[in-house]
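Here's the structure, in structure tokens; my notes come after.
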Amino acid sequence: MAFHPPPNLDEILGLVAQTEATGTTLAELVIQIDIQLAKIDEALGKLQPWKSGKLRIKWWKKRGKLVPFVVKWVYVRSGLWRAERVNLESLVLVVKTSHEWRADSPVVKDLMRMTKKLLALRTRALEAIQHFKATAALSISNQPQLESMNADLDDLLVALENRTEDPDSEPGPSSAVLLEMAPEDD
């Protein structure tokens, strides 16, 4: 087993810059996906007749955030329409292909395939962003404990520097610094 020195500060700062760039890239990716989804919704609105079964992309609140969903509009009764969410796995299967729908159904199916890929990619990008946020929260919540450990280690190093060859000055098991650093039960 080879022993290596700890990484230098330049390496760590390089990682910080890379992480910030990655977070920015992920946020821009989500924005681009949302723009593409809006374009797909506009195309869906123009390609399909306004009849029961028309597919659109709508933004609904989920846990306080707006999330895109594919919906199928269903005619309930005179003047009343209802939007039903469509399962991501069956996006292509719900495309209507009869009579008025037939001419544009291949294009709509392609749009649904694109939508499925974009929604999956959006989910993955948001999960990565959430992971960054959780890591930042973990770092902030552990900062006091890290500072306490750092102070204990500094005190121990000062005590070790100040000791002499005299056995009475040796920090023993009753040393205040060593007692504070008692091992925790794991």
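The values are calculated or read from the model by the stated rules, or taken from the named source; none is laboratory data. None of the values given here were measured: they were computed from a predicted structure. Here the Cβ is made from the backbone with ideal geometry for all residues, glycine too, and neighbour counts use every protein chain on show.
Within segment 17-24, can one find any residue that is under 30 Å from residue 133 (Cα atoms) and of a type in the set (Asp, Glu)?
yes
Just give me the residues in segment 69-82 being over 20 Å from residue 111 (Cβ atoms), assigned to a strand (DSSP E or B) and not hydrophobic (A, V, I, L, M, F, W, C), in sequence order.
Residues satisfying the conditions are 75, 77, 82.
Using the structure shown, decide if residue 19 is over 30 Å from residue 136 (Cβ atoms), within 31 Å of the chain's Cα centre (by Cα), part of a helix (DSSP H, G or I) and polar (S, T, N, Q).
no
Every residue, every condition in (1) surrounded by 11 or more Cβ atoms within 10 Å (Cβ to Cβ); (2) at pLDDT below 85; (3) farther than 30 Å from residue 29 by Cβ; (4) among the hydrophobic types (A, V, I, L, M, F, W, C), yes or no:
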site	(1), (2), (3), (4)
134	no, yes, no, yes
148	yes, no, yes, no
172	no, yes, yes, no
175	yes, yes, yes, no
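Table: residues versus (1) in a loop (DSSP other than H, G, I, E, B); (2) exposed (fewer than 15 other Cβ atoms within 10 Å of the Cβ); (3) at pLDDT 90 or above.
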position: 6; (1), (2), (3): yes, yes, no
position: 12; (1), (2), (3): no, yes, no
position: 32; (1), (2), (3): no, yes, yes
position: 39; (1), (2), (3): no, yes, yes
position: 84; (1), (2), (3): no, yes, yes
position: 103; (1), (2), (3): no, yes, no
position: 110; (1), (2), (3): no, yes, yes
